[in-house]
Amino acid sequence: MFVSVIPVGVPAAVALAAGFLQPLLPSAIATPLIAQIITVVMLIIVNLLGTKSSGRLQTLIALSIFALVIALLYQGEVSTADIIMPALTKDAIWPIASALAVMFWCFVGIEAFAHMGEEFKNPERDFPLAIIIGCFIGGATYWACSVVILKYGAYGSAYFETASIPWLSEQLFGEKFGLLISVLGFAACFASINLYTQSLSRMVWAQARQYRLKVSLQKSVSEAFLLTPR
């Protein structure tokens, strides 16, 4: 089931990442196709550098996103009055359920992390903790963003469905901040694709090591992994 997601999910994620990368490229090569090709090439390079290097990059991207969220909260002058929950009514149950359904898909992808279990020194102890802590941190990040979005009314239209954060950044920091948002947007999408690619490689290699694949594929995958610095 995990392998079946890759041909469907990864191309869409690459296209989304390329949408952030395209404005950063020189006008002569600022096309969707070239931006997608550059994204794929970067993905290959990062994965060939090994798991540790990729992990450091993922950490740097995560810290950058946290910094952006903190900056939005600070610059947006969010106070305790802005985080008070409204009263729950019967009419609100269906919209809340609809929002929760969307939020569920925000966490889809965490299952890809399961194949990275061997990278932990003590998987039985550290892996469940990483999943639980990661869910809480991810949820807190989404919540913090939603507080700022609700305060400034950056919702309710087709434009805000995809551009609420860039619009907020422009309102709070000015138009020049748009370049940094494009960089962070690309980095966030790239981190997701990178995790999926790493997880897929790890899973196929593990299966090859356990003799569950054809001999030719097992040999080629095992040799490729052994030649990759970790």
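The values are calculated or read from the model by the stated rules, or taken from the named source; none is laboratory data. No experiment lies behind these values; they were computed from the predicted model shown. Cβ: placed from backbone, ideal geometry, glycine included. Neighbour counts: every protein chain shown. For the accessible areas, the whole protein counts, side chains as well, though only heavy atoms, and no ligand, DNA or RNA atoms are used. Shrake-Rupley method; radii C 1.70, N 1.55, O 1.52, S 1.80 Å.
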Q) Out of (1) open to solvent by 80 Å² or more (accessible area, probe 1.4 Å); (2) within 24 Å of PHE2 (Cα to Cα), what's the single condition that is false for LYS176? A) (2)
Q) What are the residues in segment 185-197 that are modelled with pLDDT under 85 and within 15 Å of VAL69 (Cα to Cα), if any? A) GLY185, ALA188
Q | Hey, ALA17 over 15 Å from CYS189 (Cα atoms) and of a type in the set (A, V, I, L, M, F, W, C) or not | A | no
(Q) Looking at the structure I just gave you, is ALA224 more than 24 Å from the chain's Cα centre (by Cα), at pLDDT below 80, farther than 23 Å from ALA101 by Cβ and surrounded by 15 or more Cβ atoms within 10 Å (Cβ to Cβ)? (A) no
**Q.** Complete set of residues in segment 28-58 that are without any contact (Cβ under 8 Å) to a residue 40 or more places away in the chain, closer than 18 Å to LEU180 by Cα and in a helix (DSSP H, G or I)
**A.** ALA35
Q) For the subset of segment 122-167 comprising residues that are open to solvent by 60 Å² or more (accessible area, probe 1.4 Å) and among the small types (Gly, Ala, Ser), which member is farthest from VAL78 (Cα to Cα)? A) ALA158
